[in-house]
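Reviewing the structure listed below.
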Amino acid sequence: MSIYPIMLSQTKFVHRDNINYPFEERGLQFGDGVYEVIRIYNGNYYLLNEHVTRLFRSAEAVKINLPFTKEEVSKLLAELVEKNDITTDAKVYLQVTRGSAPRDHVFPNNVEANVYAYVQHLPRNLDLLKNGVSTITRRDTRWENCYIKSLNLLPNVLAKQEAKEQGCYEAILHKDGFVTECSASNVYLVKDGKIHTHPIRKNILHGCVRMSVERFATDLKIPFIEEGFSIDDITTADEIFLTSSTSEIMPIVQVDSNLIADGKPGSITKQLQAAYEADAHISSTKKVIVN
Ligand code: PDD
């Protein structure tokens, strides 16, 4: 079942040996893979164990055999940062696919997973973290297993693109009237001094920064209520914020055409941002919240 030698690539006919992308790769053909995005501050990983644990959970859920143990991948990721002499703020993208094999929906036999990871410079966006961002709302049209950090991100990509076209930072997703998460982050509503967010279920990604937020809330004695809030609750919210490894704890000051409260980041969001900066050992010159 091997393929004939001449392939169409863009608008040219090219010998298959001269094609410089892995066209028979399951990540590329089926989105058959999982990934992680991990934050680095001053050359040090933030929440590395949490990300590695989630990578293993995602891989197990889609039956991909990872070619390393948790300890081994953590060591490899540490070496990646060392070899690039990273001492500033950055992020690592790590991807694992089921492997390379002739296209067939059924899993191929005896293939090895394909793994790659790279580091990219990523300074903190102090302006947005200080002043907040606007978002749109969109229907959540994704599958039921969003707890798997899979490469199948087309609905997320489309929602985020729509947000950008509306001049916004993110898209808040909702299903049956209830907010699930954003296209690439978790989302929270603050009302009467309490934080509300969608419970940990299969239909949202279990964010690593979300775990930090829960921990900070407990330390700060702010109730953290894992109950979904409705799209209508947004209009009367005291504060709204989102979290992710790249966005950190980001205030949301406008949703569609509604300003949230006075249109400025709220006090609970700021307390959580301060806790984050302490937890991630952000140096004082790069802090949003100056005590
Ligand atoms: N996205 N929900 C979704 C759908 C996400 O894609 C992400 C992260 C999160 C937050 O997870 P964490 O706190 O572990 O970063 C929630 C990454 C940053 C991305 O795909 O680029």
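Would you mind counting up the charge near residue 191? Only other residues with Cβ under 9 Å from its Cβ, with Lys and Arg at +1 and Asp and Glu at -1.
-3
Which length gain, in nm to one decimal place, applies between residue 84 and residue 20 when the Cα-Cα distance is subtracted from 0.36 nm times their residue separation?
Numbers: separation 64, 0.36 × 64 = 23.04 nm, distance 2.50 nm.
In short, 20.5 nm is gained.
Would you mind telling me which residue in 59, 90, 261 has the biggest mean-square fluctuation in a Gaussian network model of the chain, where springs connect alpha carbons within a distance under 10 angstrom?
Looking only at 59, 90, 261, the largest GNM fluctuation is found for 261.
Under the rule of at least 5 residues apart or a separate chain, name every residue whose amide H is placed under 5 Å from the amide H of residue 180.
Residues meeting the criterion, in which the H sits 1.01 Å from N, are 173, 174, 175.
Using the basic label-point model (7 angstrom from Cα toward the beta carbon), what is the residue 194 to residue 175 distance in nanometres?
The two pseudo-label positions are separated by 2.4 nm.
Just subtract the alpha-carbon distance of residue 62 and residue 283 from 0.36 nm times their residue separation and send over the number in nm, one decimal.
So the extension gain works out to 75.7 nm.
Using the crude model of +1 on Lys and Arg Cβ and -1 on Asp and Glu Cβ, and no other charge, please compute the dipole size for segment 144-291 relative to its Cα centre, in debye to 20.
Dipole about the Cα centre, nearest 20: 460 debye.
Can you list the HN-Hα couplings for segment 232-238, worked out from phi with the Karplus curve (6.51, -1.76, 1.60; θ = phi - 60°), rounded to whole Hz and with x for Gly and Pro?
The phi angles translate into 6, 4, 4, 5, 10, 5, 7 Hz.
Set the Förster distance to 41 Å, then compute FRET efficiency between residue 226 and residue 12 from the Cβ-Cβ distance, nearest 0.05. It would help to have the intermediate numbers written out before the result.
Details: r = 54 Å, r/R0 = 1.31.
Here the calculated transfer efficiency is 0.15.
Post the alpha-carbon centroid distance, segment 262-291 to segment 74-100, in whole angstrom.
Rounded to whole Å, the Cα centres lie 27 Å apart.
Among 98-106, 269-277, how do they line up from the highest to the lowest mean number of other beta-carbon atoms within 10 Å?
Packing proxy ranking, top to bottom: 269-277, 98-106.
Name the residue, out of 175, 160, 83, whose mean-square fluctuation peaks in a Gaussian network model built on the chain with Cα pairs under 10 Å.
So, out of 175, 160, 83, the one fluctuating most is 83.
List the residues, sorted by chain then number, that are 5 or more residues from residue 88 or on another chain and whose placed amide H is less than 5 Å from its amide H.
The answer is 43.
With respect to the cross-link table entries 83/202; 130/160; 75/287; 194/287, which display a Cα-Cα separation exceeding 32 Å?
83/202
If you average the alpha carbon positions of segment 178-210 and of segment 104-170, how far apart do those two centres end up, in angstrom?
15
Using packing as a proxy for protection, rank 36-46, 237-247 so that the peptide with the highest average count of other Cβ atoms within 10 Å comes first.
237-247, 36-46
In whole Hz and in residue order, list the ³J(HN,Hα) couplings for segment 129-145 that follow from phi through the Karplus curve 6.51 cos²θ - 1.76 cosθ + 1.60, θ = phi - 60°; x for Gly and Pro.
3J(HN,Hα) across segment 129-145, in whole Hz: 4, 7, 9, x, 10, 9, 9, 9, 10, 9, 5, 7, 9, 7, 6, 7, 10.
Round to the nearest 0.05 the FRET efficiency obtained for residue 262 and residue 128 when R0 = 25 Å and r is the Cβ-Cβ distance.
Result of the calculation: an efficiency of 0.90.
For the chain, give the magnitude of the charge dipole about the Cα centre (Cβ charges: +1 Lys/Arg, -1 Asp/Glu; no others), in debye to the nearest 20.
260
If the elastic network links every pair of Cα atoms under 10 Å, which of 34, 92, 157 fluctuates the most in the Gaussian network model of the chain?
So, out of 34, 92, 157, the one fluctuating most is 157.
For segment 85-174, with only Lys/Arg (+1) and Asp/Glu (-1) charged at the beta-carbon, what is the dipole magnitude about the Cα centre, in debye rounded to 20?
Charge dipole of segment 85-174: 140 debye, to the nearest 20.
Over the chain, what relative contact order in percent results from Cα pairs under 8 Å that are six or more residues apart?
Numbers: 535 pairs, mean separation 47.9, N = 291.
Worked out over the chain, it gives 16 percent.
Every number in this text was worked out from the coordinates using simple rules, so none of it is lab data. Treat the numbers as computed from the prediction; the structure is a model and nothing was measured. When we count neighbours, we look across all protein chains shown, and the Cβ atoms used for this are built from the backbone with ideal geometry, even at glycine.
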